[in-house]
1. Mind checking which residues of region B:23-49 are more than 7 Å from chain A (Cβ to nearest Cβ), in contact (Cβ under 8 Å) with a residue 60 or more places away in the chain and closer than 28 Å to A:Phe157 by Cα?
2. What number of residues within region B:75-99 satisfy the criterion of being modelled with pLDDT of 75 or more and exposed (fewer than 13 other Cβ atoms within 10 Å of the Cβ)?
3. Restricting the search to region A:68-95, which residues are within 14 Å of another protein chain (Cβ to nearest Cβ) and under 17 Å from A:Ser43 (Cα atoms)?
4. Tell me the residue from A:Ser204, A:Ser160, A:Ser191, A:Ser198 that is among the small types (Gly, Ala, Ser), assigned to a helix (DSSP H, G or I) and at negative phi, please.
5. Which one is nearest to A:Ile164 (Cα to Cα), of the residues in region A:1-47 that are away from chain B (no Cβ under 14 Å) and among the basic types (Lys, Arg)?
6. Can you tell me which residue within region A:164-174, out of those that are part of a loop (DSSP other than H, G, I, E, B) and in contact (Cβ under 8 Å) with a residue 24 or more places away in the chain, is farthest from A:Leu136 (Cα to Cα)?
7. Here are the criteria: (1) in contact (Cβ under 8 Å) with a residue 24 or more places away in the chain; (2) within 11 Å of chain A (Cβ to nearest Cβ). Tell me which single one B:Asn20 does not satisfy.
8. Just name the residue that is nearest to A:Ile41 (Cα to Cα) out of those in region A:97-136 that are in contact (Cβ under 8 Å) with a residue 60 or more places away in the chain, away from chain B (no Cβ under 11 Å) and part of a loop (DSSP other than H, G, I, E, B).
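The values are calculated or read from the model by the stated rules, or taken from the named source; none is laboratory data. Small disclaimer: the values here were computed from a predicted structure and weren't measured. FYI the Cβ positions are ideal-geometry reconstructions off the backbone, even for glycines, and counts take in every protein chain you see. Only protein heavy atoms, including side chains, enter the accessible area calculation; ligands, DNA and RNA are left aside. Shrake-Rupley method; radii C 1.70, N 1.55, O 1.52, S 1.80 Å.
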Amino acid sequence: MLMHVVNINKDVLKANNELAYSNRKLLVKNRIFAMNIMGAIGSGKTTLIEEAINSLKERYRIAVIAGDVVAQMDASRFEKLGVRTVAANTGRECHLDAKLVERSLANIDLEDIDILFIENVGNLICPVDYKLGEHLRVVVVSVSEGDDTVLKHPMIFRTSDLAIVNKVDISEAVSADPSKMKADIEQLNPSIPILLTSINDRISIDRWIEYIESYLK
Amino acid sequence: MHEYSLACEIFETVIATAHNNKALAVNSIKLEIGRLTHVNADQLLFCLDVLSRDGIAKGAKIDVNFVSPCGECECGYRGDAGVSDNVRCEDQPPLYEYTGLTCPTCGKLLQLVGGNDLIIQAIDIEI
């Protein structure tokens, strides 16, 4: 019997990155600005996207990929706003991957779209390792998750391009300090822009929308 | 995170490679796990163990080599950002040990490069 070493050198995660790169090329070709909205369950991702759609849909053509284990619920919220929506059911997986996004993009008339929101599955861990082809990675964290959440999930804050601390109006009720959360994010990623938002504070929501628009000019 | 699906992909590659090389058995599997991935080595090894219970990879030894990111700073410093490469997988250092690393030259937060891969390096087979 002979022993024999076979070199494989296959990167299991790289296949996703390559697919993400081809998604990005497709988006760029169609002049679409794509955002990957990540955050825990209940952090407010869907609501923030709804607000952005409402403010931007008269001026831009918008599409949404709603990712979830069961995606139809959120997808129907976006559909009500009259934008092209694709529900991306992940089934058992806790994150979207580039393959699911590729499949979803095939169901959108890309020539007719300016902005694409990709709502990831509620999770602060797995989406970090899976690029989708997006231009901007947005992480949403709400004060109700506890003000130690940021330091518990360092990589998502290290690798995002914009951080949103949401639901700051209920900080007191949930004994959380949003300024600690902001400081923790700054410590992990000194160059990341941070927005403090609340659905009950129109000015804060407008800032989120202005931020998106700043990328479109 | 999603160790089971990653284990399935690794296992399929291992078995396909073994068959292509007319292997009678797989003695060992060499993996490389980047320390900045969210892959839990313990869980991954458990899943691989379950998958290989029957068949030619039964009892295969799995060697894991952890790869630390490299630290880079705008001041020009470039060096190891590792905590220690000689830790066993059950002692995998938590991610936060890497995220707060500062430049030994100027004290700024280090940019981390690499350490993001999950690589099937090689298998050792009997033919």
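1. B:Leu31, B:Glu32, B:Ile33, B:Gly34, B:Arg35, B:Val39, listed by residue number.
2. Residues flagged as modelled with pLDDT of 75 or more and exposed (fewer than 13 other Cβ atoms within 10 Å of the Cβ) within region B:75-99 amount to 2.
3. Hits for region A:68-95 are A:Val69, A:Cys94, A:His95.
4. The match here is A:Ser204.
5. A:Lys45
6. Applying the filter and picking the extreme gives A:Val174.
7. With (1) in contact (Cβ under 8 Å) with a residue 24 or more places away in the chain; (2) within 11 Å of chain A (Cβ to nearest Cβ) applied to B:Asn20, the lone miss is (1).
8. A:Gly122
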